[in-house]
Amino acid sequence: MDLIFDRTQADITNDTDKAYISYADLNRIEQACAELAELIGVTITTKTWLITDFRTTAEMTRLHDNIKLLQDSYYRNPYSPTLPTTFTFTSITQANNIEECLYWLWAMFEGEKNSEELCGYYTFGLGGDF
């Protein structure tokens, strides 16, 4: 999952693609939500954004509620930033935090899956002097 949460002031100063939120960014976030919802086993509503679509308060509330549900249904990692209460995408910090929240959910899920796989390959002995 290629989430972007490393936007900086330099992106704004240098007018890079990261300085803007486009329909492609919204689709990346929607896709991440859809994949995580399937893995976690919750139902959410997602949208495929078109270049002609406008962000509305209702759509941003839906997107927020999707991520909040994913966090509440699985686990909120203490390293994850706080999910913004509203999504306006008016700052790079807010945009970074939204995608980083999804990143940590994904990382925790992958870490748990990998831990379960490792337990099948290794046995651990207890006791003895080391």
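The values are calculated or read from the model by the stated rules, or taken from the named source; none is laboratory data. For clarity, every value in this text was computed on a predicted model and none was experimentally measured. For neighbour counting, all protein chains shown are included, and Cβ atoms are generated from backbone atoms with ideal geometry for every residue, glycine included.
List of remarks:
- Pair list, Cβ under 8 Å, 6 or more apart: the stretch 19-39 residue surrounded by 15 or more Cβ atoms within 10 Å (Cβ to Cβ), other residue polar (S, T, N, Q) and in a helix (DSSP H, G or I): CYS33/ASN66; ALA37/ASN66
- Residue within the stretch 39-52 that is in a helix (DSSP H, G or I) and of a type in the set (D, E, K, R) present: no
- Within the stretch 70-95, the set of residues being out of contact with any helix residue (DSSP H, G or I) (no Cβ under 8 Å at 6 or more places or on another chain), part of a helix (DSSP H, G or I) and farther than 18 Å from ALA107 by Cβ comprises THR93, GLN94.
- No other residue among ILE44, ILE40 is modelled with pLDDT under 95 and hydrophobic (A, V, I, L, M, F, W, C) apart from ILE40.
Condition check ((1) modelled with pLDDT under 85; (2) surrounded by 17 or more Cβ atoms within 10 Å (Cβ to Cβ); (3) under 9 Å from the mean Cα position of the chain (by Cα)) across all residues:
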position	(1), (2), (3)
PHE87	no, yes, no
SER91	no, no, no
ILE98	no, yes, yes
LEU105	no, yes, yes
GLU110	yes, no, no
ASN114	yes, no, no
GLU117	yes, no, no
TYR121	yes, no, no
LEU126	yes, no, no
